[in-house]
1. So for region 94-111 (the condition being closer than 30 Å to ALA13 by Cα and either touching a Gly at 6+ places or on another chain (Cβ under 6 Å) or without any contact (Cβ under 8 Å) to a residue 40 or more places away in the chain (or both)), does at least one residue qualify?
2. Identify the single condition in (1) part of a helix (DSSP H, G or I); (2) open to solvent by less than 60 Å² (accessible area, probe 1.4 Å) that ARG65 does not satisfy, given that it satisfies every other one.
3. If the Cβ limit is 8 Å and pairs must be 6+ apart or interchain, which residue in region 112-131 that is among the β-branched types (Val, Ile, Thr) pairs with which residue that is assigned to a strand (DSSP E or B)?
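The values are calculated or read from the model by the stated rules, or taken from the named source; none is laboratory data. Quick caveat, the model's predicted, so the values are computed rather than measured. Every residue, glycine as well, gets a Cβ built from its backbone with ideal geometry; the counts of neighbours run over all protein chains shown. Ligands, DNA and RNA are stripped out before the accessible areas are found, and what is left, the full protein with its side chains, is counted by its heavy atoms. Shrake-Rupley method; radii C 1.70, N 1.55, O 1.52, S 1.80 Å.
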Amino acid sequence: MSNYQILNVSPTASNEEIKIAFRKLALEKHPDKNPGSSKEDFQKIQQAWECLRDCRKSYDEDLQRESLRAKCKRESAMVLSIQEMEEVLDDETGELFYCYSCQCGDEIYAAHEEIMHGNKSFIEDCPGCSLSYLLQR
């Protein structure tokens, strides 16, 4: 269960909406104010709030990575970071590429600009076989 689900808010909720939801749930679930509430439930709510309050961007990126990994598993894509790829300079254009040799012997190329200034990750299909690779920074 995500921190957004624990607080009953959408991942697109504003920081103010998240704060309001936390305060409402904290009052409802506080064990000292409501004898039927458990300390564990209250702690989960408090931890979810602290995470989203202090490191929401990082948390959202982690959720996005998890979502991409799950999608790739379904599609049988292999996760590949740029650290696993070789840097190649195109002599004609001077453009920098990343290259990876697929299991089939063919090569996958990704432009440096696309990786560094585009999406943090994207799927690239091998031209020589049916494998797909999820390229990540």
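1. Among the residues of region 94-111, not one is closer than 30 Å to ALA13 by Cα and either touching a Gly at 6+ places or on another chain (Cβ under 6 Å) or without any contact (Cβ under 8 Å) to a residue 40 or more places away in the chain (or both), which makes the answer no.
2. In the conditions (1) part of a helix (DSSP H, G or I); (2) open to solvent by less than 60 Å² (accessible area, probe 1.4 Å), ARG65 misses (2) alone.
3. Between residues of region 112-131 that are among the β-branched types (Val, Ile, Thr) and residues that are assigned to a strand (DSSP E or B), the close pairs are ILE115/TYR98; ILE115/LEU135; ILE123/SER132; ILE123/TYR133; ILE123/LEU134; ILE123/LEU135.
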